[in-house]
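Engineer: Structure below; questions to follow.
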Amino acid sequence: MSNAMSIAASGMQAASVRLDAAASNIVNSNSDSKTSGGAYQPISVSQSATADGGVSTTLQPVTPSTLLAYDPSAPYANVQGMVAKPNVDMATEIVDMKQAQNDFRASLLAYKASSQMFKTLLDATA
């Protein structure tokens, strides 16, 4: 039973990491900079199965990290009026946040069910 609870807990942890990454990308999506560098580096989350049945996550930089945008009023715009904007797709980030929320909720329900089954087992054997 504890294995099922640890699997569900790893799912909740993975969903939390994905939610944090999406939130960070959204918050920093308008932080433009010089075209020569210094812009926010968006991140993506990669998930993989672990040997015990759970899931692990790793953060990876989004490539390309920036896109050029025309903003001649920016004080750091180059001679063509271009600035570097973080490569963040707002629609994708919002979908990722909603999916992470649903994944967290599902893992929490699995954790609660496993915990209840463990409790019932203990009650029956005690």
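The values are calculated or read from the model by the stated rules, or taken from the named source; none is laboratory data. Here the structure is a predicted model, which is why all the values come from computation and not from measurement. Positions of Cβ are backbone-derived with ideal geometry, glycine not excepted, and every protein chain shown enters the neighbour counts. Surface areas here come from the heavy atoms of the whole protein model, side chains and all, with no ligands, DNA or RNA. Shrake-Rupley method; radii C 1.70, N 1.55, O 1.52, S 1.80 Å.
Engineer: Let's see if you can work this out: charge +1 on each Lys and Arg Cβ, -1 on each Asp and Glu Cβ, no other charges. What is the dipole magnitude of the chain about its Cα centre, in debye to the nearest 20?
Structural biologist: 140 debye
Engineer: Could you calculate the FRET efficiency of Leu59 with Ser6 from 1/(1 + (r/R0)^6), where r is the beta carbon distance between them and R0 is 22 Å, rounded to 0.05?
Structural biologist: Approximately 0.50, to the nearest 0.05.
Engineer: A follow-up question, please. With every protein chain kept in place and ligands, DNA and RNA left out, what is the accessible area per residue of region 1-81? Probe 1.4 Å, answer in Å².
Structural biologist: Details: 4690 Å² over 81 residues.
Result: 58 Å² per residue.
Engineer: Which three lengths, in whole Å and largest first, does region 52-126 cover when its Cα atoms are put on their principal axes?
Structural biologist: 78, 22, 17
Engineer: Please compute the Kirkwood hydrodynamic radius over the chain, one decimal place, Å, based on all pairs of different Cα atoms.
Structural biologist: One over the average 1/r among Cα pairs gives 16.9 Å for the chain.
Engineer: With springs connecting C-alpha atoms under 10 Å apart, model the chain as a Gaussian network and identify which of Ala113, Ala22, Ala84 has the largest mean-square fluctuation.
Structural biologist: Result for the chain, Cα springs under 10 Å: Ala113 fluctuates most.
Engineer: Moving to a separate point now. Measure off, as a whole percent, the carbon and sulfur share of the 1.4 Å-probe accessible area of region 31-110, all protein chains present.
Structural biologist: 58 percent
Engineer: Using the Karplus curve 6.51 cos²θ - 1.76 cosθ + 1.60 with θ = phi - 60°, what ³J(HN,Hα) values do you get for each residue of region 27-44, in whole Hz, with x for Gly and Pro?
Structural biologist: 4, 9, 5, 9, 8, 7, 7, 4, 5, 7, x, x, 6, 4, 9, x, 10, 10
Engineer: To the nearest 10 Å², what's Leu67's accessible area with a 1.4 Å probe?
Structural biologist: Counting only protein heavy atoms, the figure is 90 Å².
Engineer: Under the definition of Cα pairs under 8 Å and six or more residues apart, what whole-number percent is the relative contact order of region 1-62?
Structural biologist: It rounds to 36 percent for region 1-62.
Engineer: Given all pairs of different Cα atoms, what value in angstroms does the Kirkwood hydrodynamic radius of region 40-79 take?
Structural biologist: Hydrodynamic radius (Kirkwood, Cα only) of region 40-79 equals 13.3 Å.
Engineer: Here's another thing I want to ask about it. Enumerate the aspartates and glutamates that Lys98 could reach by cross-link, defined here as Cα to Cα under 15 Å, with residues fewer than 8 away along the same chain left out.
Structural biologist: Asp20, Asp89
Engineer: Using Cα pairs closer than 8 Å and at least 6 residues apart in sequence, work out the relative contact order for the chain, in percent.
Structural biologist: Once normalised by length, the contact order is 35 percent.
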